[in-house]
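Taking it in order: structure first as structure tokens, then the write-up.
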Amino acid sequence: MADEEATTEGGQEDLSALLSSASLMLFVGSLGSVSRLFERVVMGRLLDSPGAFGEVQIAFSIMTVSATIATLGFKEGIPRFMTRFESASDTRGAWVTGTSLSVALTVLVTIALLLNVERLAARFFEPSTPPELLLVFIATLPFFVGLEIVVAGIRGRENTIYRTYSRDLIYNVLRLALIVVLLLAGYGVVAAGFAYFVSALVAFAVAVWLFNRLFPIRGAFETRTREMLVFSFPLVLSSMVSILLAQIDTLMIANFLPSRQAGIYNAAWPLARAVGVIVSSFGFLFLPLMSRLDAGGQYEEINRMYKLTSKWVFVVTFPALLCLVVFADDLLLVFGPAYTSGAAALAILALGSFTSAAFGRCQDALSAFGYTRYIFAVNAIAGVLNVALNAVLITGYGAAPDLGITGAALATASSTVTLNGSALAVLWQKSGVNPFSRWTVRTFVLLPAVLFPPSLVLARQVTLSLPALIAFVPIAGIASVALLALTGSLQSEDEIPVELVEENLGVQVPLIRRYIPDEE
């Protein structure tokens, strides 16, 4: 009996830690998302045209794909192994192994890019694009990869705040400030490259310093090369596919269409990613927590935590989806009138991303359980599907219509749904873990059915300004929680997120508490 109570209390503590981390990561993730969005708005308005904006996004896509190859899946492998070891030498060895292999591969990838600069420029860029643009992004690659690997070590120590300082605040805020200053100074598209270079360098240095405070880098270590490669290699392939889902559209649009279309698409894409930011805010501690619970054989606790977090990811994410789909035209008008033609693409991308909220953190759970080969398989299927659909739908092939950037959005949304659905199916079959309970199903059905119709009516009647669009999201969030309360869709475990909100805001919300049932 005492053991059961201890297990329950431990589960409550883990869930509270996860939700506390999620609230912080949601806040800083929102800051990062807002800064990236503002960054793109600034570039969209201060650069000469959507074409110039598109050139910057193409260079960024090349760097991002290269970074995915260079990290070799250790962004996930490092935290997974660090949480499983108790001795400092084994824990340090996990980080040293991942870092050493990533550094070696980063050098090779950087050299390969430098040797092929002219070919890449001829394939993806307009003849008028300054050659320095791609070169500066290539120079940024080592520091960008270094930042990701050090943050993976911080994640492995289950620390949220140091990641916040280095990745979310310094890297994002400094980059945004530099872009504004350099563009106003007249440096053109190359300004973005310099901003990424300087911010990545500074953030990397700060992250190393913080990580060393958290866990001394110097010291005895036991390398885990074979063990980590077996785990991480499928992840680099699956991560590559994940990045392709995000970036292949830009590169294929750049290959088939003018850079202007890539610019319009990349105004829509970061807005749609707002959904992903909210979902990923629950993932920073999700993987190490799931890995630790799996090592302890606490499978019932894993399933309970998965269902509850999936429900609240859906609730927190839904207002953003509602705004992105219903007011897509109004949102893109922020970039300028030239960008509103991407409204259909924005709505489609947002709907595709939202499946991550409905299905839960299934890939993180599979990774925690060690099923990395299945992660690779589902990502490979989605990646092949994405490339094929992009090739067919962007320019039209056979009987398929020529849909341009809307076709690229359809390709990515279809691939994302396939990816998340396949990952959930594997997770459910292998472990029994799934997001569905009577509470989650009721939530998944009620919110869209009740809130979409009046929002669509409102969108037909008015055009919302940016402040009104921002205000719409929390209003929709309050309406969502109220709807769940009034329809009896709250459960006893919902007391945990309510307590978290009360602690952070310093207020009591008895109106919601009265609708939370007592634990059975």
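The values are calculated or read from the model by the stated rules, or taken from the named source; none is laboratory data. Given the structure is predicted, the values throughout are model-derived calculations rather than measurements. A quick note on method: Cβ atoms are made from the backbone with ideal geometry, for glycine too, and the neighbour counts reach across all protein chains shown.
Worth pointing out:
- Just one of the listed residues (Leu469, Leu447, Leu424) is outside the structural domain of Asp249 (by TED's automatic domain parsing) and part of a helix (DSSP H, G or I), namely Leu469.
- Candidates Thr64, Thr7 - the one that is modelled with pLDDT of 70 or more, of a type outside the set (Gly, Ala, Ser) and out of contact with any Pro (no Cβ under 9 Å at 6 or more places or on another chain): Thr64
- Conditions (1) modelled with pLDDT of 90 or more; (2) more than 20 Å from Gln261 (Cα to Cα); number of the one not met by Ala59: (2)
- Selected residue (criterion: modelled with the highest pLDDT) from residues of the stretch 132-165 that are farther than 15 Å from Val206 by Cβ and of a type in the set (Gly, Ala, Ser): Ala139
- A count restricted to the stretch 83-122 and to residues that are touching a Pro at 6+ places or on another chain (Cβ under 7 Å) and either within 22 Å of Arg213 (Cβ to Cβ) or part of a loop (DSSP other than H, G, I, E, B) (or both) stands at 1.
- Enumeration of residues in the stretch 365-413 that are under 23 Å from Asn303 (Cα atoms), modelled with pLDDT of 85 or more and not aliphatic (A, V, I, L, M): Tyr374
- Checked against the criterion of being under 19 Å from Met63 (Cβ atoms), among the aliphatic types (A, V, I, L, M) and in the same structural domain as Phe38 (by TED's automatic domain parsing), the candidates Ile161, Ile149 yield just one match: Ile149.
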